[in-house]
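Some notes on the structure that comes next.
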Amino acid sequence: MLQIKNLHAGVEDKAILKGIDLTVNAGEVHAIMGPNGSGKSTLASILAGKSGYDVTKGTVRFQGKDLLDLGPEERAGEGLFLAFQYPVEIPGVSSTYFLRAAINAVRRYRGEPEMDASTFMKLVREKMEQLDLDPSLLNRSVNEGFSGGEKKRNEIFQLAVLQPKLAVLDETDSGLDIDALKVVAHGVNALRSPERAIVVVTHYQRLLNFIVPDFVHVLVDGRIVRSGGKELALELEERGYGEIENVAGAGV
Amino acid sequence: MIGAPEKAHSLVAAHAALEPSLAAMGPATLRELRRNALAEFVRLGFPGPKHEEWKYTHVRALEETEFAPAYGAKVDRNNLKGTVGGLALFTLAFVNGERAPELDQPQALPDGVFVGSLADAFDRIPRILERFLARQAGIADGKLGSHLDMPFVRLNEAYMAEGAVVSVPSGVQVEAPIHLLFVSKAGAMPFAAHPRVLIVVEEGASATVIESYLGHGGTYFTNCVTEVAVGQGATLEHVRLQQETLEAFHLGATQVHQAGGSTYTSNAVSFGGRLARHDLGVRIEGERTETLLNGAYVGMGDQLVDNHTRIDHAKPNCNSFEVYKGILGGRATGVFNGKIFVYQDAQKTDAKQTNQALLLSREASVNTKPQLEIFADDVKCTHGATVGQIREDALFYLRSRGLGKAEAEAMLVFAFAAEVLEKISVRAYADLLEQTLFAKLEKER
């Protein structure tokens, strides 16, 4: 589904990603872990098409297409979804209006008919309940005045409503208490399916207790220094990034 | 100087012919007021670009236009469908500054509440008029700052005869919004109208009053003045819409006096006009007041939209919160000047002012000037001005959810101003303004 090959990228003259190779197949859940400044969020942003990054080398293919060639809205249309680390407040745009516009934009891209109002409302109500979100949030502007936890749950709620093929979760666990974490994880787990892939970007192993990954990759200084199964996350928790980095460094 | 004396401008010359009919309205003192006001306007003249308060708003085109007095125009009710004039609200209507009872929508009001024309108010509530009319607008006494002369307020006063009065006595809560509708429709000859509005909400009372200036065709000049008195502990939401034609001149001044413990909210929206200006002044004359000034304006094509606001914090322990947001496209010009004076006695004043403008084209511009003058030492005053384009982070967020760039941009431009419109508590009115905004932006795309 997603093939990243030798990806180099940075901001202005500063190199951040220094040769990422990663393949994600349908049905898989990958965790990308790494310390602050390792390039995790940069990778997530580049996948979603945020401007301001220069890709200097390498390729990213998504469903057989050159992902880097597509605008952010085309990527969404192809089935990519980024849950933002810092969801953006948009005063004046109602959550309902936004969500409906998003669903229909993606459907139009795929040549599907627009969703009628009652199907939409039913879908929205069901997913809000699943993510323990207060329905009154729908009457508010997008993310405006939401608590930190509400913002993060709102991202997963959008994910659930938009049903993408590939979901990238950028530090969705940061700032969540344990109960909110469980709700978020439950929402994500409900979306696991053989047709869908999920990439969880996180600093801590904590979230991975609830969203159990098939693969774990350790990102340090713009490179994946180790890959393994879910047990790698536990090892990281015990030994810390420093040691993994040393081991990996010694191996090169 | 040798030669023929300069011919008086039509706005001045018309006065002589109208004086007998003006004289029939109101007490003798008013006649004197009109005469003095006219003399003062003649003395001050049309403000030029050297006048600090008119630096960016040039009235030359106004000066060069000949205006006839307005009378006898009719507008059919059906023509107001789809506009704010078609909403089912309690409505007192005027066409070209004259009362137009055929467009009224009367409803029952609580006992003691008066909503009617200035002429009726002279008969029925003379003491209210004596206390409040022409007591506030353009009066410089005791005010800080310079350039306090307001020539067009004087001109309005010179013609003061028609207008609307809302009077809510002590302790009365008026639930239903009161709509004052001023429709303008010009024929071949441009006309000038000088409507006057007086809103008095006495101690402990509350009301929502909407003033709408709605253009219905042609070139004309609306020179309106509104005086507002908010009594002790009273609450007023004051909505003002300026949606004149794109050929029209609109100069409006609103002067508010707030007594202690009162709350005044202004939601002022400006969509129309070739040259449109609103001067909003709030003088705080008692402690523990709340003042909220929300403004939204849109200028496209060759429009000039000017908002001058002024808050006089003359007493301690008062809060004011001001947000003005503008969208400018085409070759439009925006002007924002926000003065806040904190007087020496006004300790513990908390004043916050924000003005933001969104420029949609390279030729659009805005001149923005926050002006805080603080003479007390224990106050919290902030101001912020931003001029710019659409927020990149918000645009990316919307696009990452599948919305096309153009659609996402349109959504954000709309939202920028809609945020202010949403503060209007009269839902049907706010919804209609949102539709108007949407259509105006759509036309520009």
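The values are calculated or read from the model by the stated rules, or taken from the named source; none is laboratory data. Every value quoted in this text rests on a predicted model; they were computed, and no experiment measured them. Heads up, the Cβs are rebuilt from the backbone with ideal geometry, glycines too, and the neighbour counts pull from every protein chain shown.
Among the residues of region B:37-76, which ones are over 15 Å from residue B:8 (Cβ atoms), free of Cβ contacts under 8 Å to residues at least 60 places away in the same chain and not in a loop (DSSP other than H, G, I, E, B)? Answer for region B:37-76, where residues must be over 15 Å from residue B:8 (Cβ atoms), free of Cβ contacts under 8 Å to residues at least 60 places away in the same chain and not in a loop (DSSP other than H, G, I, E, B): B:54, B:60. Selection of region B:228-283 for residues being farther than 22 Å from residue B:183 by Cα and small (Gly, Ala, Ser) yields B:229, B:231, B:233, B:234, B:259, B:260, B:261, B:262, B:281.
Screening region A:51-86 for residues that are within 30 Å of residue A:135 (Cα to Cα) and surrounded by fewer than 21 Cβ atoms within 10 Å (Cβ to Cβ) and picking the one that is farthest from the other protein chains (Cβ to nearest Cβ) gives A:85.
Conditions tested, residue by residue: (1) of a type in the set (Gly, Ala, Ser); (2) crowded, with 22+ Cβ neighbours inside 10 Å.
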| residue | (1), (2) |
| --- | --- |
| B:137 | yes, yes |
| B:141 | no, no |
| B:167 | yes, yes |
| B:183 | no, yes |
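Here is the figure for region B:311-321: residues that are surrounded by fewer than 22 Cβ atoms within 10 Å (Cβ to Cβ), part of a strand (DSSP E or B) and of a type outside the set (Phe, Trp, Tyr) total 1. Only one of the numbered conditions (1) over 22 Å from residue B:394 (Cα atoms); (2) in a strand (DSSP E or B) is not met by residue A:91, and that is (1). Of all the residues in region B:258-272, those that are closer than 23 Å to residue B:242 by Cα and outside any strand (DSSP E or B) number 2.
Among the numbered conditions (1) assigned to a helix (DSSP H, G or I); (2) modelled with pLDDT under 95; (3) within 21 Å of the chain's Cα centre (by Cα), the only one that residue B:161 does not meet is (1). The number of residues in region B:322-339 that are surrounded by fewer than 24 Cβ atoms within 10 Å (Cβ to Cβ) and within 12 Å of residue B:282 (Cα to Cα) comes to 2. When you scan region B:223-233, do you find a residue that is under 20 Å from residue B:137 (Cα atoms), touching a Pro at 6+ places or on another chain (Cβ under 7 Å) and assigned to a strand (DSSP E or B), even just one? So far as region B:223-233 goes, yes, one or more of its residues are under 20 Å from residue B:137 (Cα atoms), touching a Pro at 6+ places or on another chain (Cβ under 7 Å) and assigned to a strand (DSSP E or B).
Where strands (runs of 3 or more DSSP E) sit wholly within region A:11-86, those with at least 2 residues that are in contact with an Asp or Glu (Cβ under 8 Å, 6 or more places away or on another chain), touching a residue at least 60 places away in the same chain (Cβ under 8 Å) and under 15 Å from residue A:199 (Cβ atoms) occupy A:29-33, A:80-83.
Does residue B:86 satisfy the condition of being touching a Leu at 6+ places or on another chain (Cβ under 6 Å), within 27 Å of residue B:247 (Cα to Cα) and at pLDDT below 95?
Details: touching a Leu at 6+ places or on another chain (Cβ under 6 Å): yes; within 27 Å of residue B:247 (Cα to Cα): yes; at pLDDT below 95: yes.
So residue B:86 fits the description; yes.
The listed residues are B:47, B:106, and the only one of them that is surrounded by 13 or more Cβ atoms within 10 Å (Cβ to Cβ) and out of contact with any Gly (no Cβ under 8 Å at 6 or more places or on another chain) turns out to be B:47.
Pick out the one residue from A:180, A:167, A:185, A:190 that is touching a helix residue (DSSP H, G or I) at 6+ places or on another chain (Cβ under 9 Å), exposed (fewer than 14 other Cβ atoms within 10 Å of the Cβ) and hydrophobic (A, V, I, L, M, F, W, C). So that I can check it myself, show each step before the final result.
Numbers: A:180 fails: exposed (fewer than 14 other Cβ atoms within 10 Å of the Cβ); A:167 fails: exposed (fewer than 14 other Cβ atoms within 10 Å of the Cβ); A:185 fails: exposed (fewer than 14 other Cβ atoms within 10 Å of the Cβ).
Going through A:180, A:167, A:185, A:190 in turn, just one is touching a helix residue (DSSP H, G or I) at 6+ places or on another chain (Cβ under 9 Å), exposed (fewer than 14 other Cβ atoms within 10 Å of the Cβ) and hydrophobic (A, V, I, L, M, F, W, C): A:190.
Residues in region B:419-441 that are hydrophobic (A, V, I, L, M, F, W, C) and free of Cβ contacts under 8 Å to residues at least 24 places away in the same chain were compared, and the one that is surrounded by the fewest Cβ atoms within 10 Å (Cβ to Cβ) is B:439.
Number of residues in region A:159-206 that are closer than 20 Å to residue A:1 by Cβ and without any contact (Cβ under 8 Å) to a residue 40 or more places away in the chain equals 5. Quick one: in region A:103-143, which of the residues that are within 14 Å of another protein chain (Cβ to nearest Cβ), crowded, with 16+ Cβ neighbours inside 10 Å and touching a residue at least 40 places away in the same chain (Cβ under 8 Å) is farthest from the chain's Cα centre (by Cα)? The qualifying residue farthest from the chain's Cα centre (by Cα) is A:140.
Do we find that residue B:349 is surrounded by 19 or more Cβ atoms within 10 Å (Cβ to Cβ) and either modelled with pLDDT of 95 or more or polar (S, T, N, Q) (or both) in this structure? For residue B:349, the condition - surrounded by 19 or more Cβ atoms within 10 Å (Cβ to Cβ) and either modelled with pLDDT of 95 or more or polar (S, T, N, Q) (or both) - is met.
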